[in-house]
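First the structure, in the form of structure tokens, and then the observations on it.
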Amino acid sequence: MDLSVYEPASLPDLLPLYYRRLFPFYQYYRWLNYGGVVKNYFPNREFSFTLKDDIYVRYQSFSNMSELEKEMQKMNPYKIDIGAVYSHKPSLHNSVKSGTFQAQEKELVFDIDMTDYDDVRRCCSSADICNKCWTLMTIAIRILDRALYEDFGFQHRLWVYSGRRGVHCWVCDESARKLSQAERSAVAEYLTVVKGGEETIKKVQLSDPIHPLIRKSLKIIERYFEEYALLGQDILENKQCWDKVLSLVPEAVRENLLRDFQKARSSVDRWERLKKSLGPLELKKGANSAKEIMLQYCYPRLDINVSKGVNHLLKSPFSVHPKTGRISVPIDVRKLESFDPFAVPTISMMCSELDNVSTIEEDQADANEGEPDVKRRTRDYKRTSLAPYVKTFEQFLDKLDQSRKGEMLLKSDLKKEF
Amino acid sequence: MVFSRTRQLRTTKRLTGDRKGDHYPFSLQFYQLPPTENISLTEFETFAIERLKLLKSVENFGVSYLKGSLEYNAKLESELRKLKFVCLAPNDEIDDKVYDIRRKDHISHFILRLAYCQSEDLRRWFIQQEMDLFKFRFNLLPKEKVQEFLRFNDLEYVAISGEEKDLLQHDLMNSTFGLSTAKLEDCEFYKVPFQAALDLVRPRKVFLSKGFAFIPHKDIVTLILNDFRTRLSKALALSARSLPVVQSDERLQPLLSHLRPYNMTSNVGRTRIPMYRQSFELSSKSFPLCMRQLHKSLREHHHLRHGGRMQYGLFLKGIGLTLEQALQFWKLEFTKGKVDSEKFDKTYSYSIRHNYGKEGKRTDYTPYSCMKIILSNPPSQGDYHGCPFRHSDPELLKQKLQSFKVSSTGINQILDLVKGMHFQLACQKYFELTHNVDDCGFSLNHPNQYFAESQKLLTGGRDVKKEQAPMESSQANPPSQVTSSLSSSTNVTSTQSEEMEDLEQILSEY
Ligand code: SF4
Ligand SMILES: [Zn+2]
């Protein structure tokens with residue numbers, strides 16, 4: 001039997017090992033403690049655990065790293081969610097005067113889920129993903145990451161694979177963590193371009209002039225469109241799928257295009273014809289149709305409710321996905337094109353990697369007995385395929401540290417001047 | 001930083017004596033300094049009551065009409081005139097009449113501050129109405145007066161330099177409607193943190209760079225309103241602290257509490273009467289299209305996402321579904337689908353009980369009005385909530401109406417109204433067509449009102465008045481008639497919607 005193939009039933013056996021030897025507690029605490037600048041920032045943070053049989057426990061909180069570590073090793077959660085920093089310790093939320101227990105800060109978060117693209121991908125549906133449609137996530141990250149940085153000025157954006165079919169973004173700048181609910185929803189709405197539910201066919205309507213956000217996003221989509229949509233998804237392959245696209249162009253050109261499309265040979269060819277037929281359009285309406293189609297098929301689709309609430313919970317990085325066994329790992333945006341969701345280690349894979357090395361080492365290891373725990377864990381994850389992802393995470397943390405130091409310097413400098 | 005504002009206190013200005021002084025040079029005020037003169041109790045009372053009437057009208061119009069639309073403006077203007085909060089000042093001369101009106105504006109605002117500073121809910125309501133009122137008046141201010149007004153109130157926004165403007169030329173033009181290169185030169189832009197201009201950020205009507213928004217001069221009202229809100233909410237928080245002093249004043253105390261007609265905690269649902277005796281399917285004939293759509297999708301998928309659960313669940317509550325019935329109803333549907341009974345109890349029953357005020361903050365939630373459905377939380381992927389007249393593709397809407405056997409002339413009339421963005425009128429037309437009446441005789445602004453009116457027709461008009469109780473804000477009468485007696489206890493829209501958001505947060509976690 002191949003131990004490295006993940007079986008959901010084996011999760012209870014694997015979790016203790018994962019939390020004892022692999023979970024990067026040190027880095028995790030370093031992140032959420034934010035340099036210890038604000039007292040109680042970590043102790044007042046809500047965690048929630050999903051345990052065996054879908055038992056869901058909210059309002060967990062921990063005074064420090066070792067308490068977090070001990071508790072996680074005791075409870076062995078199937079899934080970990082992170083919530084807000086509250087006015088009081090969340091574990092005491094029942095004992096504080098009602099009304100005074102309030103969510104105060106949280107990272108600004110985004111959740112993009114492949115199921116929301118079901119009407120525009122042909123390869124898979126609902127929870128399934130493949131390398132073809134994964135491009136949608138690549139595009140989403142490119143577009144949002146640019147906007148969060150260039151438009152909103154956020155420096156610290158942690159992108160994380162959700163473990164199954166989507167990605168999350170944690171914006172960790174101090175100013176982002178302090179945003180109010182109204183401000184969060186304004187940011188999310190600004191970034192939302194594809195609108196409408198199951199009763200809407202045309203989900204993107206551009207107005208003139210086209211806002212810089214859209215222009216810049218279109219530039220990004222253009223880089224992927226032919227390869228992804230025309231060749232990969234083949235969105236104009238046959239009548240059934242081109243009818244869907246044609247329902248998005250102005251009626252005036254629809255019939256001509258229908259005839260044209262039958263003559264043409266490939267999606268690429270048909271797309272060219274579509275663009276040409278929209279070019280000289282007399283009616284100003286519809287001049288943007290090609291752009292609107294590109295956006296409807298490729299622009300990131302956000303779950304706005306996740307971003308809005310200060311107290312909304314989101315699955316934590318390095319949590320395991322109980323269905324796939326994959327770890328929620330940070331994504332290195334500089335190497336985004338080479339990120340492969342199917343290469344992300346599963347818990348069973350790592351545990352067997354651990355086994356392999358430890359049997360070899362055990363023979364010669366006696367000398368190292370009595371080594372402190374932390375050190376051993378550092379080494380442990382380094383011997384598995386989790387290592388590069390922890391490295392990405394560390395680089396993110398280093399940057400956070402740097403700007404914190406920079407700010408402190410600035411502040412003390414200013415003080416001196418006065 | 002490029003953005004700065006100077007603040008000096010105008011200690012020299014006092015509002016006593018000299019009636020002809022230049023205290024009120026403008027038709028609107030920023031209310032920075034409280035009045036210091038003595039006023040009689042009778043005057044105190046009339047001022048307060050009249051301003052409260054005004055603010056309630058502001059709220060009502062905002063629910064019934066699109067803010068800033070022609071109808072909205074006309075209604076508000078006539079209301080201001082009726083309650084004597086405005087009068088035309090010919091050639092800028094401030095005569096006694098104008099002075100009295102502006103003084104009343106000033107004093108009455110401060111009286112209501114006292115009455116409305118006491119709780120978070122009251123403050124929120126007051127701020128919202130005052131902001132809408134301010135915005136309306138600001139838009140009436142002649143262009144050449146704007147700068148003067150800003151200077152008078154120490155509101156100065158520093159524009160970006162010509163160089164910076166040149167550098168950003170393209171982006172600025174692409175984010176500002178109707179701005180040509182030529183006009184760009186004369187147009188000033190103000191650079192502020194994006195948090196100060198959320199109303200422009202949300203619909204992408206402003207250029208953003210590195211966390212700053214570049215506000216064109218024509219949108220300066222957004223910045224001013226933001227300032228207005230910030231200052232007012234700070235001031236209210238301060239007044240709340242000094243309240244014990246005011247409250248101990250025996251003369252003021254009864255007056256002030258009288259001015260708080262809104263009973264903020266108890267509301268709808270308490271007087272709920274039992275569900276219609278007829279079967280559920282029968283009364284669903286009286287459902288407006290939005291609810292029909294939700295009902296259908298629930299029956300088909302045995303599931304609704306949280307936006308749908310809220311909109312439909314509260315509607316059902318409004319027509320009389322009790323908590324027990326609601327739990328039963330939802331459970332029956334959901335367990336036909338992917339959810340087993342245990343999961344239902346664990347995941348969904350909490351939020352239903354929450355809707356009925358049995359969990360969390362124990363607030364009884366009110367059904368959504370059309371305005372709320374049309375304007376907030378639009379449906380996205382996988383959602384069936386919203387207003388079909390607003391959120392469906394015209395083509396799909398047409399098909400749907402055809403399937404309901406609406407005549408083609410009727411369909412065209414409806415689609416024309418939709419095209420003109422008159423969604424509620426379209427819905428009203430649909431009501432008329434499906435109930436075979438020429439004129440429905442009411443102005444629609446609430447799905448529960450639709451239901452009640454339909455039942456009235458179908459069952460011959462018995463017992464409908466009570467049905468209207470559970471509405472977001474009692475909008476059953478045409479707004480012009482709402483002269484709100486102070487003791488009536490209606491609900492407050494803005495408060496309700498704020499609390500709603502809290503509930504939505506809880507729901508969306510599932
Ligand atoms: S107008 Fe109101 S009642 Fe009619 S469908 Fe829309 S939201 Fe529902
Ligand atoms: Zn796929």
Per the Cauchy relation, a quarter of the hull surface: what is the mean projected area of the convex hull of the alpha carbons in the stretch B:301-460, in nm²? 10.6
Among rounded, prolate and oblate, which fits the stretch A:177-218 when a ≥ b ≥ c are the square roots of the eigenvalues of its C-alpha gyration tensor, a/c under 1.5 means rounded, and a/b larger than b/c means prolate? oblate
Unit charges at the beta carbon, dipole of the stretch A:131-285: most positive-side option, A:His168, A:Asn131, A:Ile220: A:Asn131
Calculate for chain A the 222 nm mean residue ellipticity that helices alone would give, adding -39,500 (n - 2.57) per DSSP H run of length 4 or more and normalising by residue count, nearest 500 deg cm²/dmol. -13000 deg cm²/dmol
In 10 Å bins starting at zero, report the fraction of Cα pairs in the stretch A:117-230 per bin as a rounded %. 11, 37, 39, 12, 0
Would you tell me the mean number of C-beta atoms belonging to other protein chains that fall within 10 Å of each C-beta in A:178-191, as a whole number? 4
Per the C-alpha gyration tensor (a ≥ b ≥ c, the square roots of its eigenvalues), the stretch B:391-447 is rounded if a/c is under 1.5, else prolate if a/b beats b/c, else oblate; here it's oblate
If unit charges are put on Cβ atoms (+1 for Lys and Arg, -1 for Asp and Glu) and the dipole of chain A is taken about its Cα centre, the option from A:Ser10, A:Val344, A:Pro250 lying farthest towards the positive end turns out to be A:Pro250
For the stretch A:179-193, Karplus-derived ³J(HN,Hα) couplings (6.51, -1.76, 1.60; θ = phi - 60°; whole Hz; x for glycine and proline) come out as 5, 7, 4, 4, 5, 4, 6, 5, 4, 5, 5, 4, 7, 8, 10
Paired Rg and Dmax values of chain A, which use every Cα atom, in angstrom: 24.5, 83
What's the local net charge at B:Phe177, with K and R +1, D and E -1, over the other residues with C-beta under 13 Å away? +2
Note the direction-averaged projected area, equal to a quarter of the hull surface, for the Cα convex hull of the stretch A:1-43, in nm². 4.3
Links that overshoot a 21 Å alpha carbon limit, given the list A:Lys219/A:Lys276; B:Lys145/B:Lys218; A:Lys239/B:Lys398; A:Lys79/B:Lys331; A:Lys315/B:Lys210: A:Lys239/B:Lys398; A:Lys79/B:Lys331; A:Lys315/B:Lys210
Determine how many Å³ per residue the convex hull of the Cα atoms of the stretch A:190-254 encloses. 124
Cα-based Kirkwood hydrodynamic radius, the stretch A:289-353, one decimal, Å: 15.0
Phi-based couplings in Hz for the stretch A:287-298 (Karplus 6.51, -1.76, 1.60; Gly and Pro marked x): 4, 9, 3, 4, 4, 5, 5, 4, 5, 4, 7, 10
Three principal axis extents, largest first, for the C-alpha atoms of the stretch A:44-155, in Å? 51, 39, 28
Debye equation applied to the C-alpha atoms of the stretch A:146-298, log10 I(q)/I(0) at 0.19 Å⁻¹: -1.25
Going by the alpha-carbon gyration tensor, a ≥ b ≥ c the square roots of its eigenvalues, is the stretch B:159-205 rounded (a/c under 1.5) or, if a/c is not under 1.5, prolate (a/b greater than b/c) versus oblate? oblate
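Values quoted throughout were computed directly from the atomic coordinates according to the rules given, and no laboratory measurement underlies them. Every value quoted in this text rests on a predicted model; they were computed, and no experiment measured them. Neighbour counts run over all protein chains shown; Cβ positions are idealised from the backbone, glycine included.
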